[in-house]
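The values are calculated or read from the model by the stated rules, or taken from the named source; none is laboratory data. Small disclaimer: the values here were computed from a predicted structure and weren't measured. Because the Cβ atoms are built from the backbone with ideal geometry, glycine has one as well, and the counts that use them run over all protein chains shown. When the accessible area is computed, the model is the full protein with side chains, heavy atoms only, and any ligands, DNA or RNA have been set aside. Shrake-Rupley method; radii C 1.70, N 1.55, O 1.52, S 1.80 Å.
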Amino acid sequence: MNVILFRDLTESDVVRLADEIAFFLQPGDTLCLEGDLGTGKSTFARALIRTLSNDPALDVPSPTFTLTQSYEATRFEIAHFDLYRLTDPSELDELGLEAALARGIAVIEWPSHGGGRIPAEHLALNLSEGRAEHLRTIELSASPGFIDRLERFAAIREFLASAGWGASDIRVIYLQGDASPRRYARLTKPDGAHALLVDSPRRPDGPPIRDGKPYSAIAHLAEDVTAFVAIGDALRKAGISTPEIFAQDLDRGLLIIEDFGDKVFGSEIVSGADQKLLWQRATDSVVALQSTPPPQRMALSDGTTFILPQADEAVLDIETQLLLDWYWPAIYGKPAPQSARDEFTSEWHSVFSRVLQQPPAWLLRDYHSPNLIALDERTSPRDVGIIDFQDAMSGPAAYDLVSLLQDARVTVPVRLEKDLLDRYIAAMKKRDTAFDETEFLFCYAALGAQRNTKILGIFARLAMRDGKRRYLAHLPRIWGYLERDLAHEGLQALRAWYDRNLPAKLRTQSLTI
């Protein structure tokens, strides 16, 4: 598929189409708008720029005389070109098209005036009058590099229409994501009803890195939406708030889910909310979660069964190795020597052996502020909405608590961490007289050290491989947590490895990226 034809569109249809195209645009994309005068090129461009800027009232003048106009959006910069008055294609070089594509996307009206200066890889809309003066026909076509995305675009349109969310008066607004490859959009009807579109196609396996398995298989990472659907249902049955599934296409990785709103824990703190009260609510939710054993097998609507992975030494080890694979080279400018790697692996092996003796419980894996939403209208423990749990496993109960109390994105003061750790332990002792506080505290420190070690590697990878340098700002916080964890008496040998190989003077050093 490389052409889609839309006939007799109203203005609201054009706005909806702009929403849908905006959803899958990426930095470096060129969008060409061709058509006679008065066919609606500027109308479409205005709608597209407004939805990309998340500002429905944004002033978007036609750049007929200035030839180009730039806009700063959260996702990327938008350069709007109008080449109608261009007398020679070479003039496009002076307008900065190449620089604009390096910073974001280009929306080009009258691209035919640009000749060979227009990138060969582009998405094109050809606009013409429909069967009535107020209607428009739009032909959407794609060059080879866009065909996969155009097919995904068509699949999403079909899914939304079949689920009752395809009407032209329903807005589809991209939601800025984080480090995840999944994409989200907020769907809003005129009456205020809203939901979220989840676009999560199955991820292909990466190259084998150990025992013939890719990283995702070793680390038990979900590769499609079946885990999200199955685990979310099991958690709701356990009394925990996860988004209800309104529509699903498991094969194509598309969901429409409940929208919990925007009261994300991290943003709430920025807005002045009481961190202690929010984190206390989340701690109580962990206590409630641990009162229900995780099921091993979960039935899906298509008749298949999802099997919950179990945490094992392989997953804990492969995650800690990220420190050596990415953080070490970013500090030293060269790979970690084999001797340091062997000693590192050996020290962690003894820690993992002890940690994995804990009875299995829910281990959601990413239970921290970006994935927690305050649901103030609900009662505890359902007053915390959890939106990221598809990589959940069965494993040591301490993992999710330390994920919360040593939050990677928001600093949790030592005093607050201790108070909430004590709150959790008191609740667990009340529920289970056999609760082993000493062993739990070891596991809390050990899993905190494991998680923070992993995060150092992940944030270095995001900066080095993906160019997402903003994650480097979190490294001092992560080191602070890791030093707290390594202070536990049961981790002295492991702490000695870090002190020898990554001493304090290097922990504040900028990475060589």
Original post:
Where a ≥ b ≥ c are the square roots of the eigenvalues of the C-alpha gyration tensor, would you call the stretch 328-397 rounded, which needs a/c under 1.5, or, failing that, prolate if a/b is larger than b/c, or oblate?
Top reply: oblate
Original post:
By accessible area of protein heavy atoms, probe 1.4 Å, what ranking do Thr66, Thr433, Thr226, Thr453 get, highest first?
Top reply: Thr433, Thr66, Thr226, Thr453
**OP:** List the relative contact order of the stretch 184-273 as a percent without decimals, with contacts defined as Cα pairs under 8 Å and 6+ residues apart.
**Re:** 29 percent
Original post:
Can you list the HN-Hα couplings for the stretch 92-101, worked out from phi with the Karplus curve (6.51, -1.76, 1.60; θ = phi - 60°), rounded to whole Hz and with x for Gly and Pro?
Top reply: 5, 4, 6, 7, x, 4, 4, 5, 5, 5
**OP:** Determine the order of Val402, Val264 by accessible area, beginning with the largest, at a probe radius of 1.4 Å.
**Re:** Val264, Val402
Original post:
Residue by residue through the stretch 370-376, which ³J(HN,Hα) values in whole Hz follow from phi under the Karplus form 6.51 cos²θ - 1.76 cosθ + 1.60 (θ = phi - 60°), with glycine and proline marked x?
Top reply: x, 10, 10, 10, 6, 10, 5
Subject >> Overall form of the stretch 380-513 per C-alpha gyration tensor (a/c, 1.5; a/b vs b/c) >> reply: oblate
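Please identify every one of the trypsin sites (Lys or Arg not before Pro) in the stretch 1-93 that sits in a loop by DSSP and has no more than 13 other beta carbons within 10 Å of its own beta carbon. Intermediate values should be presented prior to the final figure.
Working: sites: Arg7, Arg16, Lys41, Arg46, Arg50, Arg75, Arg85; in loops: Arg75, Arg85.
The qualifying sites are Arg85.
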Subject >> Residue (of Ile108, Phe159, Ile455) at the positive-pole extreme of the chain, dipole from beta-carbon charges >> reply: Ile455
Original post:
How do Arg365, Arg495, Arg171 stack up against each other in accessible area, from largest to smallest, with a 1.4 angstrom probe?
Top reply: Arg495, Arg171, Arg365
**OP:** Using Cα pairs closer than 8 Å and at least 6 residues apart in sequence, work out the relative contact order for the chain, in percent.
**Re:** 12 percent
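Please get the size of the charge dipole for the chain, origin at its Cα centre, with Cβ charges of +1 on Lys and Arg and -1 on Asp and Glu, quoted in debye to the nearest 20. If you can, show how the numbers build up before the last one.
Working: 56 positive and 73 negative charges, 262 e Å.
Roughly 1260 debye, rounded to the nearest 20.
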**OP:** Taking H placed 1.01 Å from N in the peptide plane, check which residues at least 5 places from Lys468 or on another chain put their amide H under 5 Å from its amide H.
**Re:** Ala463
Subject >> Using a Förster distance of 22 Å, the FRET efficiency for Asp342-Gln492 (Cβ separation, nearest 0.05) >> reply: 0.70
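Using DSSP to call loops (not H, G, I, E or B), can you name the trypsin sites (Lys or Arg not before Pro) in the stretch 88-169 whose Cβ has at most 14 other Cβ atoms within 10 angstrom?
Filter output for the stretch 88-169: Arg131.
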Original post:
Residues with amide H under 5 Å of Glu129's amide H, sequence separation 5 or more or different chain, H placed in the peptide plane at 1.01 Å from N; which?
Top reply: Thr137
Original post:
Can you give the relative contact order of the stretch 101-218 as a percent, counting alpha carbon pairs under 8 Å and 6+ residues apart?
Top reply: 11 percent
Subject >> Backbone HN-Hα couplings from phi across the stretch 106-120 [Karplus 6.51/-1.76/1.60, Hz, Gly and Pro as x] >> reply: 10, 10, 10, 8, 6, x, 4, 6, x, x, x, 7, 6, x, 4
Subject >> Span-rule helices in the chain, defined as complete DSSP H runs reaching 27 Å or more along the axis (Cα) with Kyte mean at least -0.5 >> reply: 437-466
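With +1 assigned to the C-beta of every Lys and Arg and -1 to the C-beta of every Asp and Glu, and no other charges, what is the dipole magnitude of the stretch 414-455 about the Cα centre in debye, to the nearest 20?
Details: 8 positive and 7 negative charges, 39 e Å.
Charge dipole, the stretch 414-455, about its Cα centre: 180 debye, nearest 20.
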Subject >> Rounded FRET efficiency, nearest 0.05, which uses the C-beta distance separating Ala167 from Glu133 and R0 of 22 Å >> reply: 0.45
**OP:** For Asp432 and Arg354, calculate 0.36 nm times their separation in residues minus their Cα-Cα distance, and state this gained length in nm to one decimal.
**Re:** 26.0 nm
**OP:** Give the shape of the stretch 196-243 as rounded, prolate or oblate, defined through the alpha-carbon gyration tensor: a ≥ b ≥ c are the square roots of its eigenvalues, a/c under 1.5 means rounded, and otherwise the shape is prolate if a/b is larger than b/c and oblate if not.
**Re:** oblate
**OP:** Go through Ser369, Ser510, Tyr215 and say which Cα lies farthest out towards the positive end of the charge dipole of the chain; charges sit on Cβ, +1 for Lys and Arg, -1 for Asp and Glu.
**Re:** Ser510
**OP:** Please report, in Å, the Rg and the Dmax of the stretch 248-327, where both are computed over Cα atoms only.
**Re:** 18.4, 46
**OP:** Report the label-to-label distance for Ala193 and Ala314 in nanometres (one decimal), using points 7 Å from each Cα along the Cα→Cβ vector.
**Re:** 4.5 nm
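So what's the net charge close to Val414: Lys and Arg +1, Asp and Glu -1, counting the other residues with Cβ under 14 Å from its Cβ?
With Lys, Arg at +1 and Asp, Glu at -1, the net is -1.
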Original post:
With point charges of +1 on the Cβ of Lys and Arg and -1 on the Cβ of Asp and Glu, referenced to the Cα centre of the chain, which listed residue (Gln69, Ile387, Ala57) lies farthest in the positive direction of the dipole?
Top reply: Ile387
Subject >> Label selected from (1) 46, 27, 20; (2) 64, 42, 18; (3) 46, 24, 22, the criterion being semi-axes √(5λ) of the Cα gyration tensor in Å as computed here >> reply: (1)
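To the nearest 20 Debye, how big is the dipole of the stretch 426-513 about its Cα centre, given +1 on the beta carbon of each Lys and Arg and -1 on that of each Asp and Glu?
On the way: 16 positive and 9 negative charges, 128 e Å.
Approximately 620 debye in magnitude.
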Original post:
Over its Cα atoms, what ratio of radius of gyration to 2.2 N^0.38 Å does the stretch 1-110 give?
Top reply: 1.04
**OP:** Find how much the distance from Ala102 to Asp422 grows on full extension, using 0.36 nm per residue of separation minus their present alpha carbon separation; answer in nm with one decimal.
**Re:** 110.1 nm
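Leaving out ligands and nucleic acids, and using a 1.4 Å probe, what accessible area per residue does the chain come to in Å²? Numbers along the way, then the final one.
Numbers: 22620 Å² over 513 residues.
Accessible surface, normalised per residue, equals 44 Å².
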**OP:** Report the chymotrypsin sites (Phe, Trp or Tyr not before Pro) located in the stretch 302-354 that are in a DSSP loop and have at most 16 other Cβ atoms inside 10 Å of their Cβ, or state none.
**Re:** none
Original post:
Quick one: Cα centre-to-centre distance for the stretch 391-431 and the stretch 352-367, in angstrom?
Top reply: 13 Å
Subject >> Backbone N under 11 Å from the Leu58 label point (7 Å along Cα→Cβ), restricted to the stretch 142-168 >> reply: none
